[in-house]
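S.K.: For reference, the structure I am asking about is given below.
Bear in mind that the values in this text are calculations on the coordinates, not laboratory data. Quantities reported herein were computed from a predicted structural model and do not represent experimental measurements. Every residue, glycine as well, gets a Cβ built from its backbone with ideal geometry; the counts of neighbours run over all protein chains shown.
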Amino acid sequence: MSRLLILLAAMLLASCNFDDKAPGAGKSMKISADLTKDQAMKLGDRGNCFSCHRMDERLAGPGWREVGIRYGNDPKAAFLIASHIKSGGTFGWNMGYMPMRGGSSLSDSEIDALAKYISTLH
Ligand code: HEC
C-alpha cells in the first residue's frame, strides 16, 4: 500500500514539469505547464484539431487566437476552454457543433495544456 502511495506521489511530481524551455521532442510528448508554440502545434496536429481550426483564421471553428482574445484576462479562461474542448458542443461562436474532444484521444492533461496555451493567445 505505501509503495502505491510512493508511486502515486512520484507520478504527481513527474507531471509537474516547470521547465517550459524543454524542447518537447521526446516521443512520450511530456506536457510541461506552459507549452511552446511548437509543442502546441504538435499536440493540435496529433489531436487532429487543425482539420477544423487554424491559429489565426477561421475554418470550421474559430481561430484559436480569437478564442484567446474573447476570454481576455479571465482567470478561469484556461479551465473553461479545457472543459469546452472535453465536452464538445457549442460555445456561442455560431459555427456549429464541436465533437467531444474534437474526436481526438488526447488525454485530459494534454487538453488542459493546450487550453492553457490557447488562453494566452491575444
Ligand atoms: C469537426 C470540427 C472540429 C474539430 C476536429 C475540433 N473542433 Fe474545436 N470547435 C469546432 C467548432 C465548430 C467550434 C465552435 C462551436 C460554436 O459555434 O460555438 C469549436 C470551438 C473550439 C474552441 C472554442 C471554445 C470556447 O470556449 O469558445 C476551442 C478552444 C476549440 N474548439 C479547440 C479545439 C481543439 C483543441 C481541438 C482538437 C483536440 C478541436 N477544437 C477540434 C469544431 C472542431
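S.K.: Which loop trypsin sites (Lys or Arg not before Pro) in the range 76-117, with loop taken from DSSP, have no more than 11 other Cβ atoms within 10 angstrom of their Cβ?
M.R.: Filter output for the range 76-117: Lys76.
S.K.: Taking the Cα atoms of the range 34-119, what is the range of coordinates along each of the three principal axes, in descending order and whole Å?
M.R.: 28, 28, 23
S.K.: Please list 3J(HN,Hα) in residue order for the range 48-53, calculated via the Karplus relation 6.51 cos²θ - 1.76 cosθ + 1.60 where θ = phi - 60°; whole Hz, with x for glycine and proline.
M.R.: Rounded to whole hertz, the list is 6, 4, 7, 6, 10, 10.
S.K.: Determine the gain in length on full extension of the stretch Met100-His84; use 0.36 nm per residue of separation and subtract their C-alpha separation, reporting nm with one decimal.
M.R.: 4.9 nm
S.K.: What residues have an amide H closer than 5 Å to that of Leu59, excluding those fewer than 5 places away on the same chain, when H is modeled at 1.01 Å from N in the peptide plane?
M.R.: Residues meeting the amide H criterion: Arg54.
S.K.: Dipole size in debye (nearest 20) for the range 34-119 around its Cα centre, Lys and Arg Cβ +1, Asp and Glu Cβ -1?
M.R.: 120 debye
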